[in-house]
1. Determine the relative contact order of the range 262-305: mean sequence separation of Cα pairs under 8 Å and six or more apart, normalised by residue count, in whole percent.
2. Would you calculate the separation in nanometres between label points at residue 320 and residue 595, each defined as 7 Å from the Cα along the Cα-to-beta-carbon direction?
3. Between their Cα atoms, which of 193/394; 238/584; 394/427; 574/600; 162/337; 360/544 are more than 31 Å away from each other?
4. Could you state the number of Å between the C-alpha centres of the range 311-388 and the range 208-270?
5. Return the sequence-ordered ³J(HN,Hα) values of the range 468-477 in whole Hz as given by the Karplus equation 6.51 cos²θ - 1.76 cosθ + 1.60 applied to θ = phi - 60°, using x for Gly and Pro.
6. Probe of 1.4 angstrom, ligands and nucleic acids ignored: what's the accessible area per residue over the range 394-535, in square angstrom?
7. State, in angstrom, two size descriptors of the range 314-394 derived from its alpha carbons: Rg to one decimal place and Dmax to the nearest whole number.
8. What is the percent carbon and sulfur in the accessible area of the range 497-548, measuring with a 1.4 Å probe over the protein chains and ignoring ligands?
Amino acid sequence: MSQESLHGRWSISDSEDEDNVIPPTPQKTSITPSIKPDLGSKPNNTTTSLKQEPKQSPNKQAEEVEGTLNVKEASAPSIGSEARKAAHVNQTNPAKYESNVSPAVKRKRETDEGGWNLSDSDDEAPTPPVAKDEDKKLILSPKRKKTEDTRPPSPHGTGYYKDEPADFFETNLLSMNDMYRFYLNKVSGIQKKFNTGALHIKEILSPMFGTLKESVQFNYCFDIPWMVEQYPPEFRDKPVIIVHGDKREAKARLIAQAKPYPHIRFCQAKLDIAFGTHHTKMMLLWYEEGFRVIILTSNLIRADWYQKTQGLWMSPLYPRLPEGSPGTAGESPTNFKRDLLEYLEAYRAPELADWIERIKQHDLSETRVYLIGSTPGRYQGPAKEKWGHLRLRKLLSEHTRPIPNEERWAVIGQFSSIGSMGLDKTKWLAAEFQHTLTTLGRAEKSLPSSQPQMLLIYPSVENVRTSLEGFPAGGSLPYSIQTAQKQLWLHSYFHGWHAEVTGRSNAMPHIKTYMRVSPDFTQLAWFLVTSANLSKAAWGALEKNNTQMMVRSYELGVLYLPSAFNMSTFPVEKNVFRGSASSKGFPVPFDLPPHRYSAKDQPWIWNIPYSQAPDTHGNVWMPS
């Protein structure tokens, strides 16, 4: 199925779930977004090329979602997101903005990029114009000559990253707020006061937190040489297991990266349902002093730890239990130990067996968060509530209480990628997913006629253009035109990214958070940080008349509930980086209330051109 738009003819995916990928279609679209050299041509003569390929089976399509695409990627250091791969190819010679253009070219730019009629309706997407017969032929782009190249470690090229000064890193734990154990990542290029108490991966792996013996890295994208360098020299040869979802060629590239490192082993996550990914981001760290868990939102590539807003939960140091302790020992009031073990067992991976036994031997009783995971499968009966958004619904039902005037407590969802929601909001978002997010205690009555507001935070084009990274930040925000044009109704929910409270308004978010907030935006009923974006693949979708839950991907996050902290609600912290380690305010990473898109704002779409104004580096964004 294809559709005309102001940006040309696009193939529309039949997949209901597209997360961080170019959607596979019956007539597969092969798109390489990049910052292109102008080569002397007019700025807008560059067009998005579409490549028609034979129809493929669902299994073949799933393979391409997980790790292969028609882009040059020989010797590529980081494996994972196709959007990110495509955005990082051929960007060593970015196209500079041209201010002195002819009126004709300017008019063409405005036509090509002036938007695509965001719908005013929540319920109805506009009908696309019917294409003329003579326009229905796809233009086949000429075959590119295959060349050996090395993708630069930054979308800006090899010289973009600057080494952090010595005082960038923490030397002690005095500035760490250990009440919630929720931390933002450090960001290069912002005021130092906004990094005090934030964490870099080098700090997480440093002796400051323990004497490391072994570790496991669960993630989606890996740059293994860079990852190894983040371990301090004294821990750099300690055994590491990498848990990934790559298959075939992508798997071979990942293994090739690790050849110089004999201490690294691999565990491949089973992905048996099409369009699923291994999106979980977690570290298991075994020390001489005990054991620790980190659940985070960053990939293991340098770009994710440089100028993006990311978040993580760091567990306490878990001590070893006395010899002979029963299997139920060391459990927390939140049942975190049981849930972590069940999540690891869901991999059905022999490589994790020793770690499962190791965790059983440690005391996790100090944990105050609940684990919320997704694992691929179709679940019925009691298992239906073990994963995805029904797991969140169950916890909100059992461990929260109804609040007076709760219909005025808005739900906020903040994410960096968006899957297909269906033709209107009733298909999933405002139905089963909103039911989950608005659950507070056990419902004794039907849902109120006035549903709570749902506020969705996703960067606008202007957010990306004016960011620290400029347009290349959009390579990690892979909302595609194919998906967006099917759900114009969704965009009325959107709010921009503004984070003055954490000094991160210009550090584009890769963090994902969901919460329930009071009408005056000063209190939280709950807070969740997770790897799960806004997609059915991540959260799951009900099937078979709501008797079955289908989940495509691996995801992991932690849920903060006030009851686990002997509180009725969490107060929102107004001064996140004031240096106090004893504040009871919760450090929401962005400004409240959220700012609704202006009439001129559009959601960032990563595979259409933006050349009307330059980004912070003087570049434009031209898909090819």
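1. Numbers: 25 pairs, mean separation 10.4, N = 44.
Rounded, it is 24 percent for the range 262-305.
2. Result: 5.3 nm between the two label points.
3. On the way: 193/394 39 Å; 238/584 37 Å; 394/427 21 Å; 574/600 29 Å; 162/337 40 Å; 360/544 37 Å.
Listed pairs above 31 Å: 193/394; 238/584; 162/337; 360/544.
4. 22
5. So the J values, rounded to whole Hz, are 4, 7, x, 3, x, 4, x, x, 9, 10.
6. Values: 4150 Å² over 142 residues.
Per residue, the range 394-535 has an accessible area of 29 Å².
7. Both quantities, over Cα of the range 314-394: 13.5, 39 Å.
8. On the way: 570 of 1280 Å².
Roughly 45 percent of what the probe reaches on the range 497-548 is carbon or sulfur.
The values are calculated or read from the model by the stated rules, or taken from the named source; none is laboratory data. These numbers come from a predicted model, not from an experiment. Reconstructed Cβ throughout: ideal geometry from the backbone, glycine too, with neighbour counts over all protein chains shown. These accessible areas exclude ligands, DNA and RNA; they are computed on the full protein's heavy atoms, side chains included. Shrake-Rupley method; radii C 1.70, N 1.55, O 1.52, S 1.80 Å.
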